[in-house]
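Below you'll find the structure, written out as structure tokens, and then a few comments.
Just so it is clear, none of the values below were taken in a lab; they were calculated from the coordinates. Bear in mind the structure is a predicted one, so any value in this text is a computation, not a measurement. FYI the Cβ positions are ideal-geometry reconstructions off the backbone, even for glycines, and counts take in every protein chain you see.
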Amino acid sequence: MKVSAKTTRPILVCRGGTPALSTSSKLLLSILVIALFALSACLDFGPVREYAALSRQASAGYSGIVEDMYQSCLRSAEYDPPSNGDTPETHCAQWKAVQPGLLHAESTLQDYLVALGKLAGDDKVSYDKNVDALKKECESLTVSGKPVFDSTQVDAVAGLAGFLLKAATDGYRRRELDRAITAQNDNLKMVTGALKGIVGHDYETRLENEEIAVEAFQVRLQRAPEQSLAVEIGRREARRRLLDIETKKEAAGSYIKTLDLIAKGHQELFEHKKDMGSKAVAKLLWDNTSEMVPLIHSMHKAF
Amino acid sequence: MPLTADDFRSFADQFSGLARSIVAFEANNPNLSDGDFHTIDRLRMAALDYSDHFLISAIQETLKDLNAPLQQISDATNRMNVALRNLKNVGKAIALATAGIQLGAAIMTGQLGAIGGAIGSLVNVMTN
């Protein structure tokens, strides 16, 4: 059965069968396409994506800190063996017990930052492929051996489809990013603040307690009646341990600073949510993320 | 009034400070008898254990306070992931439009074989 062109017209997105556009219409369409592309090019979520990726990397250093809280307790127990006959593992069991909760808090933050980064991701390339396929189909569309569209019309249709796609998806991304950032800004501050307390106080005090245990060991070595080779080896080992503790304290300090930068970056997104893709916000976020890089390196060195 | 995470942190600091003072005392009094030294050193170890105990209480209290904000952040993450899935569907919509054009062209040219192929492509896009 032969189906007439009229009945099939609604299926054709390219509105096949319409008469060729006039020269002025083509010109207008071309200007419109160029102008719309220029407008759409101003929206760049790249810095938002970069901020999210780096923040995620920074927060990854946290798992090393959480594990080291328990390890620090075990190391202390080497210097101060539990007096009640407990093994070091039993003595430090509570540090192990809080690990899942600590990791959950951080992974929730990390998942949020991943989703934020993906939503700000640039999927234009994959859309372009789809638009190219659409363009090819329009080009190859013929009726009675004659092409339905001339090359200008095909370009205009593909250009418009690409623009509308980008405008629609960018608008959608922006709206969803805006919604998440607005609703979660206070929560993010609360979580980063809490993690700062845990790392900046609780972990650092645990390291402090380990340091005290090592220093007490040094005092015991001083009291040893014979200053043998074993005592000298003990002294050197204690000095090395104290240096390790300092490195870990510095890494904890770096993590605190990255938490501040994560919160600051999110605050900047919150304050500039209406112009999230602008160059001004990009600059703020670049400054923020570039500060994070050396801090992340410092954390990776310690753990 | 229940103790807060900050209260526990303050206690931990005090016991940690006490332990440090004991180490300084031990270092500055080398003539302490072994018996006195061990008695004082056991106090230092007890102070460190108390400090650790309060640090863990501070962490547990902090985690308790985080339950609600973490749940809200998690909900927002889920919402963003739904939005991402919606964005992926945009690509599928264009593929559908493209497959629709194939079908339209096939119908206009009236070639049954081509119509069958185009319907196949359309179904393929819709089901993938």
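Summary of computed values
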read-out: All lysines inside 25 Å of B:Lys92 as judged from Cα atoms, apart from same-chain residues fewer than 8 positions distant; value: A:Lys118, A:Lys124, A:Lys129, A:Lys135, A:Lys136, A:Lys166
read-out: Burial ordering of B:Lys64, A:Lys96, fewest other beta-carbon atoms within 10 Å first; value: B:Lys64, A:Lys96
read-out: Over 25 Å [Cα-Cα, region B:11-125], rounded percent; value: 64
read-out: Net charge contributed by nearby residues that have their C-beta within less than 14 Å of B:Pro30 (K/R +1, D/E -1); value: -2
read-out: Cβ charges +1 (Lys, Arg) and -1 (Asp, Glu), total dipole of region B:3-87, debye; value: 520
read-out: Partners for A:Lys249 among lysines (Cα-Cα distance below 16 Å; same-chain residues under 8 apart left out); value: A:Lys196, A:Lys257, A:Lys301
